[in-house]
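The values are calculated or read from the model by the stated rules, or taken from the named source; none is laboratory data. Here the structure is a predicted model, which is why all the values come from computation and not from measurement. Here the Cβ positions follow ideal geometry from the backbone for every residue, glycine too, while neighbour counts run over all protein chains shown. The protein model used for the area step is the full one, side chains on, heavy atoms only, and it has no ligands, DNA or RNA in it. Shrake-Rupley method; radii C 1.70, N 1.55, O 1.52, S 1.80 Å.
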Amino acid sequence: MTSFISFLHTSPVHVASFARLLDTQAPGMVAEHHVDEALLAAAQQAGADEAALERRIHAAMAAAAANGAAVVVCTCSTIGAAAERTPTGGRYTAMRIDRAMADAAVLAGPRILVVAALASTLAPTTRLLQESAAALDRPIQLQSLLAEGAWTHFQAGDHATYIGAIAGCITATLATAPATDVIVLAQASMAPAAQALQELGVPVLSSPSLGVARALAQLQAP
């Protein structure tokens, strides 16, 4: 079988969006999609670094690779660090969707505004940005913003209101916040807000497109 990418999602809504994105960047490429909503719920309750949850995440990543995937990408930023640490025995590469975004943000910085709709995502994304800054030897200044109340719209399936709430929160904050060089949308589900924020004059980065591009590069690496 030709090498392929497998995605681990924590919401079924991501299956179609990542399928479209992959088809745009690599038309006709085969991919698998696995959904485990319980992983995000557990991370919100116990924290993403809880040992039992990490074992569950590793098991989910391994299951996503079971049919021979060469690259397995976790699309959930909250559990991304644990997913990336999955022991693979060299059989596949475990990736998190937002590392490429973090690297791009650090290079665009140094003043980075991290925006999340889930409080549990802020700390993992902040740590990731700090890792990228250290690896790239670039100084950064981080600010965090929680889009209060937005997540309830996502859970209700009202994605238009969800994105509108995020965009509105960012716009209102930038009106009074210190100058920002780049905005990071911490969750994959927030990606459409980048389109709504085009008029801000500040780069807005989201993880899906950049992360898929990096996964494809990994897949094609010798």
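Is it fair to say residue 60 is open to solvent by 10 Å² or more (accessible area, probe 1.4 Å), out of contact with any Gly (no Cβ under 7 Å at 6 or more places or on another chain), under 28 Å from residue 157 (Cα atoms) and at pLDDT 95 or above?
Working: open to solvent by 10 Å² or more (accessible area, probe 1.4 Å): yes; out of contact with any Gly (no Cβ under 7 Å at 6 or more places or on another chain): yes; under 28 Å from residue 157 (Cα atoms): yes; at pLDDT 95 or above: yes.
For residue 60, the condition - open to solvent by 10 Å² or more (accessible area, probe 1.4 Å), out of contact with any Gly (no Cβ under 7 Å at 6 or more places or on another chain), under 28 Å from residue 157 (Cα atoms) and at pLDDT 95 or above - is met.
Could you tell me which numbered condition residue 95 fails, if it satisfies all but one of (1) crowded, with 19+ Cβ neighbours inside 10 Å; (2) touching a His at 6+ places or on another chain (Cβ under 6 Å)?
Residue 95 satisfies every listed condition except (2).
Just to check your reading of the model, which residue among 197, 142, 219 is open to solvent by 10 Å² or more (accessible area, probe 1.4 Å) and at pLDDT below 95? I'd like the intermediate steps shown before the answer.
Values: 197 fails: open to solvent by 10 Å² or more (accessible area, probe 1.4 Å); 142 fails: at pLDDT below 95.
Matching residue, one of 197, 142, 219: 219.
Out of the residues in the range 44-57 that are among the aliphatic types (A, V, I, L, M) and at pLDDT 90 or above, state the one that is nearest to residue 81 (Cα to Cα). Walk me through how you get there before you give the answer.
Of the range 44-57, the ones among the aliphatic types (A, V, I, L, M) are 46, 48, 51-53, 57.
Going one step further and asking which of them are at pLDDT 90 or above, we end up with 51-53, 57.
Details: 51: 13, 52: 15, 53: 12, 57: 10 Å.
Among those that are among the aliphatic types (A, V, I, L, M) and at pLDDT 90 or above, it is 57.
Would you confirm whether any residue within the range 104-119 is of a type outside the set (A, V, I, L, M, F, W, C), open to solvent by less than 50 Å² (accessible area, probe 1.4 Å) and assigned to a helix (DSSP H, G or I)?
So far as the range 104-119 goes, no, none of its residues is of a type outside the set (A, V, I, L, M, F, W, C), open to solvent by less than 50 Å² (accessible area, probe 1.4 Å) and assigned to a helix (DSSP H, G or I).
It is to be established whether one or more residues within the range 205-218 are touching a strand residue (DSSP E or B) at 6+ places or on another chain (Cβ under 9 Å), farther than 16 Å from residue 97 by Cβ and part of a helix (DSSP H, G or I).
Looking only at the range 205-218, we keep the residues that are touching a strand residue (DSSP E or B) at 6+ places or on another chain (Cβ under 9 Å), and these are 205-207, 211-212, 214-216, 218.
Then keep just the ones that are farther than 16 Å from residue 97 by Cβ; that gives none.
Checked against the condition, which is being touching a strand residue (DSSP E or B) at 6+ places or on another chain (Cβ under 9 Å), farther than 16 Å from residue 97 by Cβ and part of a helix (DSSP H, G or I), the range 205-218 yields no hits at all.
Would you say residue 128 is among the aliphatic types (A, V, I, L, M) and touching a Leu at 6+ places or on another chain (Cβ under 8 Å)? Reasoning before the result, please.
Values: among the aliphatic types (A, V, I, L, M): yes; touching a Leu at 6+ places or on another chain (Cβ under 8 Å): no.
No.
Residue under question is residue 132, and the condition is that it be at pLDDT below 95, among the hydroxyl-bearing types (Ser, Thr, Tyr), in contact with an Asp or Glu (Cβ under 8 Å, 6 or more places away or on another chain) and under 30 Å from residue 171 (Cβ atoms); does it hold?
On the way: at pLDDT below 95: no; among the hydroxyl-bearing types (Ser, Thr, Tyr): yes; in contact with an Asp or Glu (Cβ under 8 Å, 6 or more places away or on another chain): yes; under 30 Å from residue 171 (Cβ atoms): yes.
No; evaluated as a whole, the condition is false for this residue.
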